[in-house]
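Working notes, structure below.
Since every read-out is calculated from the coordinates, none of them should be taken as a lab result. Quick caveat, the model's predicted, so the values are computed rather than measured. Quick reminder, even Gly has a Cβ in these numbers, built from the backbone with ideal geometry, and neighbours come from all protein chains shown.
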Ligand code: NAD
Ligand code: DAU
């Protein structure tokens, strides 16, 4: 008999959000065994999990969700009874450069996890497949309105189309086979350990190195920002209390135009680096827009708040300041992850655009 009450397979647990989630679950639930499955692509890094490697309820397995034999073996070896699925190719710009890897990882990978779970679980008693998804599946908003759980899907980038497809597969396994599933669609996360190809850590890293700050288009695109720790508490809440077959939107109601956010980061960086006001803003460079750039995302998270009593804990001013402090205290991490494979990709994809 296992000493653990649940054996939870977390996929993508060495990435940005996954590493926060794994750390939180390992510390909060000593009676759950957390099996962290990650391929350690350029975006996955065991440094993100420092401090919990030796916890008795934690284990890391390097594996590829697109390899059905490996995944079947893991379900059997660890007697997995719950899945929290985060592994994905996650960067929109990369999906525009190379859509196929997004289709393989995000669609085929999710299908393989569902197939292996169904084979291993049999009658589905006391099982749950939690799929972590994005607000980008809903498409793009004009100046008004919000994304609700019943907003029609309208994905517009290869990334969001691959995530939408994976959401449909998860719902299909619920409808067809009765698999107990739950899905959440979350807005843009920020915080420590985010790979510096995404807007916030890219800007912080570039300011540190006095490089240009590339703002796509005119900078008026709007994103709805959520502290990564609040995404994790939302996942915890939904994992334990969400209803089978349901979808929950997660967001912090913190809309900012990209240029407003970049100004906020510049001003905070000037203050923290004790440099003259305006030094960082001078680095802002408007560059060619992202192809098919979605104008605005905004999540309505009323269902999660009302039905499951979740609330975000911090607002962007405080969260951005905490985030910047973390990157300033962890410049070695930034250097490690921006070297090697990432640099090679970066040069091939972006040539002379001096970003990092
Ligand atoms: P990330 O890119 O930081 O991490 C992804 C992780 O998946 C990495 O550790 C990578 O090594 C792993 N991975 C990739 N391919 C794999 C494969 N074939 N097999 C096993 N592991 C593989 O991503 P993130 O920002 O932490 O996002 C995690 C999840 O949350 C994704 O599903 C993403 O779509 C979703 N999401 C992200 C955000 C956001 O703002 N970052 C918002 C909403 C939803
Ligand atoms: O909405 C949730 C999604 O948020 C997640 O599903 C994705 O995994 C995650 O990467 C994120 O997608 P975005 O495309 O919104 O994030 P990104 O940080 O790449 O870009 C944020 C905004 O900033 C977007 O409007 C594009 C713009 N941008 C981005 C970069 C990297 C710039 O202006 N300059 C840049 O250099």
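Cα axis of helix 158-177 to longest principal axis of the chain: angle in degrees, 0 to 90, nearest 10? Roughly 20 degrees between the two axes. Simple spin-label estimate for residue 50 and residue 27 gives 1.5 nm between the two label positions (7 Å along the Cα-to-Cβ direction from each Cα).
The label-point distance for residue 40 and residue 3, in a model that sets each label 7 Å from Cα toward Cβ, rounds to 2.6 nm. In percent, rounded to a whole number, the relative contact order of the chain is 17, using alpha-carbon pairs under 8 Å and six or more apart. Residue order for 202, 9, 40, fewest other beta carbons within 10 angstrom first, comes to 40, 202, 9. Most simply put, the chain has about 5% antiparallel DSSP beta bridges, counting only bridges with both residues inside it. Among 165, 90, 19, 339, sorting on how many other beta-carbon atoms sit within 10 Å of each Cβ, with the fewest leading, yields 339, 165, 90, 19.
Relative to the longest principal axis of the Cα atoms of the chain, the long axis of helix 316-329 lies at roughly 90 degrees. Axis angle, to the nearest 10 degrees, between helix 68-77 and the longest C-alpha principal axis of the chain: 60 degrees.
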